[in-house]
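The values are calculated or read from the model by the stated rules, or taken from the named source; none is laboratory data. Computed from a predicted structure; not experimentally measured. Cβ coordinates were reconstructed from backbone atoms using ideal geometry, including for glycine residues, and neighbour counts include every protein chain displayed.
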């Protein structure tokens, strides 16, 4: 260890030459950011999105259902994380895309499903029934083209799903990570 305080006062033995490499990406893009006009057009495009969400949502719903069926067939194979992931990924996609396509109810329901899948530790027929209830509800909202928050019917659907999750965790507390029901979550 250096104990001499004068060590830090020494002059450098050689002069360092700093080389700044060219930023090729910045040269291609330029500088200055986006103009207000471009930002306004992009915002208008997002707000007036006329792309039909139903075909994309059906892909994710079918993927979710495939995950449910695969999990139901292989309940005892011990690959719980893979089983949960096969249902979690499409739920996350529905959550992410619902709001962008003016389906915030889909986003909210899918968010609750994601929360459920993130906290379960065991997958059995009872857990699959809960996921299937979420799938059925999401399918009804998407096929019914219920945009917006669904009003009182949307709130009732969310409340019913939340209550189903709470009953599940009260009846099967060992299914939740840590084995104890956590009443502080959204459920």
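Miscellaneous remarks
- Taken over the stretch 79-97, residues that are in contact (Cβ under 8 Å) with a residue 40 or more places away in the chain and within 25 Å of residue 143 (Cα to Cα) amount to 4.
- Test: residue 132 is within 23 Å of residue 167 (Cα to Cα) and either touching a residue at least 12 places away in the same chain (Cβ under 8 Å) or surrounded by 15 or more Cβ atoms within 10 Å (Cβ to Cβ) (or both): yes
- In the set 75, 88, 56, 122, only one residue is more than 20 Å from residue 155 (Cβ to Cβ), within 13 Å of the chain's Cα centre (by Cα) and surrounded by fewer than 21 Cβ atoms within 10 Å (Cβ to Cβ); that residue is 88.
- Test for residue 44: is it closer than 30 Å to residue 141 by Cβ, at pLDDT below 95 and part of a helix (DSSP H, G or I): yes
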